[in-house]
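Step one of this worksheet: look at the structure below.
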Amino acid sequence: MLELKNIHSYYGTTQALFGIDIEIHAGEMVSLLGRNGMGKTTTVRSILGLTRPRQGTVTFQGRDIFGAPPYRIAQMGIGLVPEGRQIFPTLTVRENLVATAYRGKNGRRPWTPADIYELFPVLAQRTRQPGSRLSGGEQQMLAIGRALMTHPKLLILDEATEGLAPRVRAQIWDCLENLKSAGLSILVIDKHLDALTRICDRHYIIEKGRIVWRGDSFKLKADPAVRQDYLGV
């Protein structure tokens, strides 16, 4: 589905990523783990063309997307739930959803606001409220819904449950588990290992711009030294 090979990315003259290799297969849910400032968001930005790598290759469903503009990458089927949610605060819930709606191609049924409301019933109750009046959890649900309205084949979530109450986090994890069961490929950045090791197929750990560990949930749970050394848990 998605493959990054030998990605080197910079901010000005400062190198942020050093030879990143990541693979996500169709229908997989994969996590990208690491402490703050280690390169997780830069990796996401490099996938989406928001920070263009200076070296390496990025392929999506066998197509080279290295250097493609972000809007083209989104049209190819990569949806983003950004860190900080970044919903449109002056638009209503429904307007936020409709603003990013994409009909899709190849006979696949597009997402509709009704589908999003089924995933997150509280948004149906808030449909006419502006985004700025939603709680943090409701804004995150809306950000996920907005990304799904782009009709993605791969969904990327940057800090999926940051700052959310446990009850809301559980709703988000349940939603992602359902999306995975429906066949959607997912790349998720988050800090809650219990949930991630329960629902993710594989994990990558990034440290100072380099992938320092990779493996499945069983391997991650069985290695406390890795969790302590790279994640501080």
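Extending 7 Å from Cα along the Cβ direction at N36 and again at V98 yields two label points whose distance is 3.9 nm. In the chain, Cα pairs under 8 Å separated by at least six residues give a relative contact order of 28 percent. Candidate membrane-span-like segments in the chain, meaning DSSP H helices with Cα atoms spread over at least 20 Å of their own axis and a Kyte-Doolittle mean of -1.0 or above, are 166-181, with no membrane implied. A full extension of the chain between D223 and T14 corresponds to an added length of 72.0 nm, given 0.36 nm per residue minus the alpha carbon distance.
For R210 and A170, a Förster radius of 41 Å and the Cβ-Cβ distance give a FRET efficiency of 0.80, rounded to the nearest 0.05. The local environment of I116, defined by Cβ-Cβ distances under 11 Å, has a net charge of 0 under the rule Lys, Arg +1 and Asp, Glu -1. Over the C-alpha atoms of the stretch 141-233, the Rg to Rh ratio, Rh being the Kirkwood estimate, stands at 0.97. For n ≥ 4 DSSP H runs only, could you compute -39500 (n - 2.57) per run for the chain, divide by its residues and tell me the 222 nm figure to the nearest 500? Counting only the DSSP helices, I get -9000 deg cm²/dmol. Here the stretch 1-119 is treated as a sphere whose radius is the Kirkwood value from Cα pairs; by Stokes-Einstein at 37 °C and 0.692 mPa s it diffuses with a coefficient of 203 µm²/s. Comparing mean-square fluctuations of T51, T14, T41 from a GNM of the chain with C-alpha springs under 10 Å, the top value falls on T14.
At q = 0.16, 0.21, 0.26 Å⁻¹, what log₁₀ I(q)/I(0) does a Debye calculation on the Cα points of the stretch 71-139 give, no solvent, two decimals? So the normalised log intensities work out to -0.61, -0.99, -1.29.
Computed extension length for F88-T127: 12.7 nm, one decimal, from 0.36 nm per residue of separation with the Cα-Cα distance subtracted. All Cα-Cα distances of the chain, cut into 10 Å bins from zero to the largest, leave 8, 33, 36, 20, 3 percent in each bin in turn.
Each Lys or Arg adds one and each Asp or Glu subtracts one; over the other residues with Cβ under 15 Å from the Cβ of K219, this totals +1. Electrostatic bookkeeping for R126 treats Lys and Arg as +1 and Asp and Glu as -1; over the other residues with beta carbon under 14 Å from its beta carbon, the sum is +2. Between the listed residues A182, A222, L157, the Cα displaced farthest toward the positive end of the dipole of the stretch 130-233, a dipole computed from Cβ unit charges relative to the Cα centre, is found at A182. For the stretch 123-198, a crude dipole built from +1 on the beta carbon of Lys and Arg and -1 on the beta carbon of Asp and Glu, taken about the Cα centre, is about 280 debye to the nearest 20. Can you tell which of F18, F218, F66 shows the greatest fluctuation in a Gaussian network model of the chain with Cα springs below 10 Å? Maximum among the listed residues: F218.
Remark: the S135-R198 segment gains 20.0 nm on full extension, using 0.36 nm per residue and subtracting the alpha carbon distance.
In a simple Cβ point-charge model (Lys, Arg +1; Asp, Glu -1; nothing else charged), the stretch 45-135 has a dipole of about 160 debye relative to its Cα centre.
If only the Cβ of Lys and Arg carry +1 and only the Cβ of Asp and Glu carry -1, the dipole of the chain around its Cα centre is close to 480 debye.
Computed from the coordinates by the stated procedures, all read-outs in this text should not be read as laboratory data. These numbers come from a predicted model, not from an experiment. Cβ: placed from backbone, ideal geometry, glycine included. Neighbour counts: every protein chain shown.
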